[in-house]
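Notes to accompany the following structure.
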Amino acid sequence: MSLRFCLRPAIASTLTLRRQFVPSASFISSHTRSYSILDRATMSSPAPAPQRRFQNPAVFVCDIQEKFRPAIHEFDKVIATTSKLLRASSILSLPVFVTTQNRARLGDTVSELKPHLATATVKADIDKTRFSMFIPPLLSDSVFSSPAEVAIVGIESHICVTQTALDLLQAGHKVYILADGVSSTNKEEVPIALARLRQAGAVVTSSESWIYELMGDAAVPEFKGIVNLVKDTAKETKGSLGGLLGSKI
């Protein structure tokens with residue numbers, strides 16, 4: 001039998017199958033309408049609202065007091081970074097916790113921060129004798145009923161800042177030390193403290209990095225306000241980074 005005659009039934013069968021499965025005009029029309037409806041439904045669905053990267057952020061301002069002004073290394077740079085952070089806190093509606101150490105003897109929080117504290121969401125402004133900020137009046141706040149992302153600025157890096165960070169870490173919170181916003185009397189103490197806290201589990205970062213990480217999305221409503229703040233404080237930010245960090249981080 002020739003190959004031509006062997007293939008003829010198979011070819012005929014294939015042609016028959018093709019004729020059987022050719023879609024009709026009504027079939028194509030109905031499915032096209034279905035896909036069109038599906039596409040319109042998908043396109044009309046609202047985009048999900050942008051979510052911040054941090055769901056429970058908080059700001060700690062540690063003992064930035066008048067009597068420390070002449071003693072602390074680059075104290076004015078600590079104030080500049082804290083001012084920026086408090087302005088960001090106001091834009092982002094972040095809870096702020098402020099402490100002083102022995103206020104009667106060492107003075108109140110510096111005057112430069114007072115206007116920003118007035119507009120920020122300050123949940124506590126307390127005097128203390130313990131070195132750690134994370135003391136009972138703060139422990140009971142609802143912010144700390146679940147893990148929080150806490151940014152710390154203030155002094156001194158190797159004493160009050162360190163002990164505050166260690167207590168927060170022990171309680172299960174995420175701690176961010178803003179290196180352009182912490183200092184000590186002896187500048188040599190700062191890199192030692194930062195290295196210890198990094199080893200303990202804290203994140204050592206900058207104020208601008210923390211603020212942008214908190215937002216996580218340029219679509220959040222506060223983004224434009226933060227961008228304007230960053231532009232407005234660019235000179236001070238550069239000065240704080242240069243004066244407080246150098247090669248220490």
*Give me the pairs: first residue in the stretch 220-242 and under 27 Å from Ser183 (Cβ atoms), second residue open to solvent by 40 Å² or more (accessible area, probe 1.4 Å), beta-carbon distance under 7 Å, and six or more apart or on different chains, which are they?*
Ile226/Ile91; Leu229/Arg87; Leu229/Ile91; Val230/Glu208; Thr237/Glu208; Gly239/Lys77; Ser240/Lys77
*Yes or no: Val220 within 26 Å of Ser90 (Cα to Cα), open to solvent by less than 30 Å² (accessible area, probe 1.4 Å) and assigned to a strand (DSSP E or B)?*
no
_Need the failing condition index for Gln51 against (1) within 18 Å of Lys174 (Cα to Cα); (2) open to solvent by 60 Å² or more (accessible area, probe 1.4 Å); (3) polar (S, T, N, Q), just the number._
(1)
*Taking interchain pairs and intrachain pairs at least six residues apart, which have beta carbon atoms under 8 angstrom, with the first residue in the stretch 67-94 and touching a residue at least 24 places away in the same chain (Cβ under 8 Å) and over 24 Å from Gly225 (Cβ atoms) and the second part of a loop (DSSP other than H, G, I, E, B) and open to solvent by 40 Å² or more (accessible area, probe 1.4 Å)?*
Ala71/Thr185; Ile72/Thr185; His73/Thr185; His73/Asn186; His73/Lys187; Glu74/Lys187; Phe75/Arg69
*Considering only residues that are touching a Ser or Thr at 6+ places or on another chain (Cβ under 8 Å) and part of a strand (DSSP E or B), look in the stretch 58-72 and name the one that is farthest from Pro147 (Cα to Cα).*
Gln65
*Can you name the number of the only condition in (1) at positive phi; (2) crowded, with 21+ Cβ neighbours inside 10 Å that Val161 fails?*
(1)
*When you scan the stretch 73-189 for strands (runs of 3 or more DSSP E) that lie fully inside it, which ones turn up with 2 or more residues that are under 17 Å from the mean Cα position of the chain (by Cα) and modelled with pLDDT of 95 or more?*
95-101, 149-155, 174-183
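The values are calculated or read from the model by the stated rules, or taken from the named source; none is laboratory data. Every value quoted in this text rests on a predicted model; they were computed, and no experiment measured them. Cβ sites come from the backbone with ideal geometry, for glycine too, and all protein chains shown count toward neighbours. Heavy atoms of the whole protein, side chains included, go into the accessibility calculation; ligands, DNA and RNA do not. Shrake-Rupley method; radii C 1.70, N 1.55, O 1.52, S 1.80 Å.
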